[in-house]
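Undergrad: There's a structure below that I have some questions on.
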Amino acid sequence: MTGVKRIVIADDDDDIRGLMVIAANRAGVEIVAAVDNGRAALDAVSEGGIDLAVLDISMPGLNGVEVADAIRGDDATKDTLILMVSASVQLLTDHGVVADRSDSFIIKPFSPRVLSERIRSMLGLVEAV
């Protein structure tokens, strides 16, 4: 009895956020929020019951790293999986961004198929072969 997995998507680029929504729909998850800033993403995750937060690193206000730190720092949300997204490989690999703040990462540009597969894999929705 696993139920439908619930995710939050955050990216300040409308087109990228739209691709993320397409990917999440393909993955068969419930999109609780698809927002354009880190504060709204953190608010959505803080309401509880979120299995995965897909966070762009570079956003206005709170960036993805700050949101991830807040998620990890709250006992109520610390187990939420985090998938970081960035156009910069260096941002994802420098300063422990991936190792310390997220469970996985994906580089922009990405195909919705690849992101969908990553979401399914992270949430344990991969079908046995």
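The values are calculated or read from the model by the stated rules, or taken from the named source; none is laboratory data. As the structure is a prediction and not an experimental result, all values here were calculated from the model. Glycine also receives a Cβ, built like all others from the backbone with ideal geometry; neighbour counts cover every protein chain displayed. Surface areas here come from the heavy atoms of the whole protein model, side chains and all, with no ligands, DNA or RNA. Shrake-Rupley method; radii C 1.70, N 1.55, O 1.52, S 1.80 Å.
Undergrad: I'd like the full set of residues that are of a type in the set (Asp, Glu) and free of Cβ contacts under 8 Å to residues at least 24 places away in the same chain, limited to region 6-26.
TA: Asp14, Asp15 - these are the residues of region 6-26 that are of a type in the set (Asp, Glu) and free of Cβ contacts under 8 Å to residues at least 24 places away in the same chain.
Undergrad: Now a separate question. Can you tell me which residue is modelled with the highest pLDDT among those in region 1-17 that are more than 13 Å from Asp56 (Cβ to Cβ) and out of contact with any strand residue (DSSP E or B) (no Cβ under 8 Å at 6 or more places or on another chain)?
TA: Filtering region 1-17 for residues that are more than 13 Å from Asp56 (Cβ to Cβ) and out of contact with any strand residue (DSSP E or B) (no Cβ under 8 Å at 6 or more places or on another chain), the one modelled with the highest pLDDT comes out as Gly3.
Undergrad: Please list, ordered by first then second residue, the pairs with beta carbon atoms under 6 Å, 6 or more apart or interchain, first in region 70-83 and basic (Lys, Arg), second open to solvent by 50 Å² or more (accessible area, probe 1.4 Å) and assigned to a loop (DSSP other than H, G, I, E, B).
TA: These pairs meet every condition: Arg72/Lys78.
Undergrad: Please tell me if Ala76 is closer than 21 Å to Asp12 by Cα and modelled with pLDDT of 95 or more.
TA: No; evaluated as a whole, the condition is false for this residue.
Undergrad: Report, by residue number, each residue of region 1-32 that is open to solvent by 20 Å² or more (accessible area, probe 1.4 Å) and in a strand (DSSP E or B).
TA: Residues satisfying the conditions are Arg6, Glu30, Ile31, Val32.
Undergrad: What's the total number of residues in region 61-89 that are touching a helix residue (DSSP H, G or I) at 6+ places or on another chain (Cβ under 8 Å), open to solvent by 50 Å² or more (accessible area, probe 1.4 Å) and not basic (Lys, Arg)?
TA: Residues that pass the stated criteria total 5.
Undergrad: Test Arg39 against the stated conditions and say whether it is outside any strand (DSSP E or B) and in contact with a Lys or Arg (Cβ under 8 Å, 6 or more places away or on another chain).
TA: So Arg39 fails the test.
Undergrad: When you look at Val85, is it under 26 Å from Gly3 (Cβ atoms), outside any helix (DSSP H, G or I), among the hydrophobic types (A, V, I, L, M, F, W, C) and at pLDDT below 95, yes or no?
TA: So Val85 passes the test.
Undergrad: Which count do you get for residues in region 42-57 that are buried (at least 18 other Cβ atoms within 10 Å of the Cβ) and not in a helix (DSSP H, G or I)?
TA: Number of matching residues: 8.
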